[in-house]
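This report concerns only the one structure given below.
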Amino acid sequence: EFVVVLAGLHPELKRRIESLDTLVHKAGREISGEDTLGISIGVALFPENGADLDALLSYAALDMERAKHARKGARSSLLELAGSVERPS
């Protein structure tokens, strides 16, 4: 885990996160030949999500956990779908 502080990036944040996620996903596919690599990013905005460093880090950590669970849930659903398609009737 690491922290990146991006001042004044709020309007572009969603696009930047999607771009980074795509880059990591493609790199994983190129290295392993499989879709196994992804990222989970937690975002905290000042002052909306906290007025000091501790509050912002806590909020970002919770947001990252939410993103991890969402990614795992989506991946689990895809694996279940793939398994049901591969099963003989």
Filter result (within 14 Å of residue 4 (Cα to Cα), free of Cβ contacts under 8 Å to residues at least 40 places away in the same chain and either under 13 Å from the mean Cα position of the chain (by Cα) or part of a helix (DSSP H, G or I) (or both)) within segment 40-57: 40, 41, 42, 43, 53, 56
Within segment 25-39, considering residues that are open to solvent by less than 90 Å² (accessible area, probe 1.4 Å) and in a helix (DSSP H, G or I), the one nearest to residue 73 (Cα to Cα): 25
Any chance residue 22 is among the β-branched types (Val, Ile, Thr), open to solvent by 50 Å² or more (accessible area, probe 1.4 Å) and part of a loop (DSSP other than H, G, I, E, B): no
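The values are calculated or read from the model by the stated rules, or taken from the named source; none is laboratory data. These numbers come from a predicted model, not from an experiment. Quick reminder, even Gly has a Cβ in these numbers, built from the backbone with ideal geometry, and neighbours come from all protein chains shown. Keep in mind that these areas ignore ligands, DNA and RNA; they rest on the heavy atoms of the full protein, side chains included. Shrake-Rupley method; radii C 1.70, N 1.55, O 1.52, S 1.80 Å.
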